[in-house]
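Below: the structure, in structure tokens.
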Amino acid sequence: QAGLARCQREAEEVTELMKQNFARALERDGRLSDLDSRAQELRTMGEVFTRSTRVVARQQRRRHRRWHLVA
């Protein structure tokens, strides 16, 4: 009887630990999803920034060429 009660108590402890581990894994998954979406946003913003810097550089080169032609 005592052995059965001990086994049952240990099984409940293990079950509780598994529930806690599962909850932590779900939390981590949520945080990873957030990080992934933020990383995607940053990539997109980086691409936009790169495109806009190219446009600005092109405009500056054109202005510089115009001044050379004027001079």
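The values are calculated or read from the model by the stated rules, or taken from the named source; none is laboratory data. A quick note: this is a predicted structure, and the numbers were derived from the prediction, not measured. Ideal geometry is used to build each Cβ from the backbone, glycine not excepted, and the neighbour counts take in all protein chains shown. Note: areas computed on protein heavy atoms with side chains; ligands, DNA, RNA excluded. Shrake-Rupley method; radii C 1.70, N 1.55, O 1.52, S 1.80 Å.
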Practice task
Working only within the range 36-71, note down all residues that are at pLDDT below 95 and hydrophobic (A, V, I, L, M, F, W, C).
Solution key: TRP67, LEU69, VAL70, ALA71
Exercise for the section: May I ask you to say which residue of ALA39, ALA2, ALA57, ALA11 is surrounded by fewer than 10 Cβ atoms within 10 Å (Cβ to Cβ), small (Gly, Ala, Ser) and out of contact with any Phe, Trp or Tyr (no Cβ under 6 Å at 6 or more places or on another chain)? Expected result: ALA2
Problem - Which numbered condition ASP29 misses (of (1) within 26 Å of the chain's Cα centre (by Cα); (2) among the charged types (D, E, K, R); (3) open to solvent by 100 Å² or more (accessible area, probe 1.4 Å)) - result: (3)
